[in-house]
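The values are calculated or read from the model by the stated rules, or taken from the named source; none is laboratory data. Computed from a predicted structure; not experimentally measured. Virtual Cβ from ideal backbone geometry, glycine too; neighbours counted across all protein chains shown.
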Amino acid sequence: MLYAENVCSAQELTLFTGKHQDSWVSLSLGYVNKYWQTDFGNQTVKENIWGEEGKKIHGIQVGLHVSPCLPMGLGAHSGLFYELYLSETKAVKDAGYDEFREHNLYMPLHALYRFPLAREASISLFGGLGFNWAMWGTYNNKYRDKYSYEKKSHIEEWHHYGNGEWPRHLNVQWEIGCCVRIKIIQVRFTYSRGLTDHKLYTGYKTQQNKIGISVELAATKDTK
């Protein structure tokens, strides 16, 4: 009898019966990295933006998540985010600069299913499309000289998005992930696999893949 009472109590807390406190909106701060993957048939190469094999470019992501959800748990996930990638790799130093910065916009469009675990806890699984737009990138040095690889120059005219050895502005990607919430804190993991061919090598497809981990501050409300 005591066991039956505990089961009923758990169901009241974990199902959308009006006793679960849900969250639709959250502010996010996270870590992201991305790399470019090319399948040459007998070998798959993963590299950063300068062609350094086995390395990634790392950055931070800030923005707003929106995850409306129906009472049965089915919902959607979207939002808008700014990503700043920073690098001081050897390739940057060899080019005569101290640092490289890349500025991005990111927007996800996902289907979502939320599983309430307790009144103030849940786990959400999501998947769908993501859109990354590389707005511009700059090399910087301590003398504040800048070279933007968005613009062409007579010396390095190949050195801008979508031309020669550089990726395209837009990357469309398949994404899957999960989000765990306890009270007003959420932790989110997202894996992205590129659909866009960045054409870094003639005759072979190059994908841009990304991993993101974020900590979020959620606005909560009682479900009806």
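Computed values, structure above
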{"quantity": "Neighbours by Cβ (under 6 Å, 6+ apart or cross-chain): first from segment 66-94, part of a loop (DSSP other than H, G, I, E, B); second of a type in the set (D, E, K, R) and surrounded by fewer than 16 Cβ atoms within 10 Å (Cβ to Cβ)", "calculated": "Glu88/Glu99"}
{"quantity": "All positions within segment 138-179 that are among the aromatic types (Phe, Trp, Tyr), assigned to a loop (DSSP other than H, G, I, E, B) and at pLDDT 60 or above", "calculated": "Tyr143, Tyr161, Trp166"}
{"quantity": "Residues within segment 48-99 that are over 20 Å from Gly212 (Cβ atoms) and polar (S, T, N, Q), tallied", "calculated": "1"}
{"quantity": "Any hit, segment 101-120, residues being over 17 Å from Tyr31 (Cα atoms) and touching a Lys or Arg at 6+ places or on another chain (Cβ under 7 Å)", "calculated": "yes"}
{"quantity": "Tally of residues being surrounded by fewer than 19 Cβ atoms within 10 Å (Cβ to Cβ), within 18 Å of the chain's Cα centre (by Cα) and outside any strand (DSSP E or B) across segment 15-60", "calculated": "1"}
{"quantity": "Residue under evaluation Phe81, criteria (1) surrounded by fewer than 18 Cβ atoms within 10 Å (Cβ to Cβ); (2) of a type in the set (Phe, Trp, Tyr); (3) under 21 Å from Val187 (Cα atoms), criterion not met", "calculated": "(1)"}
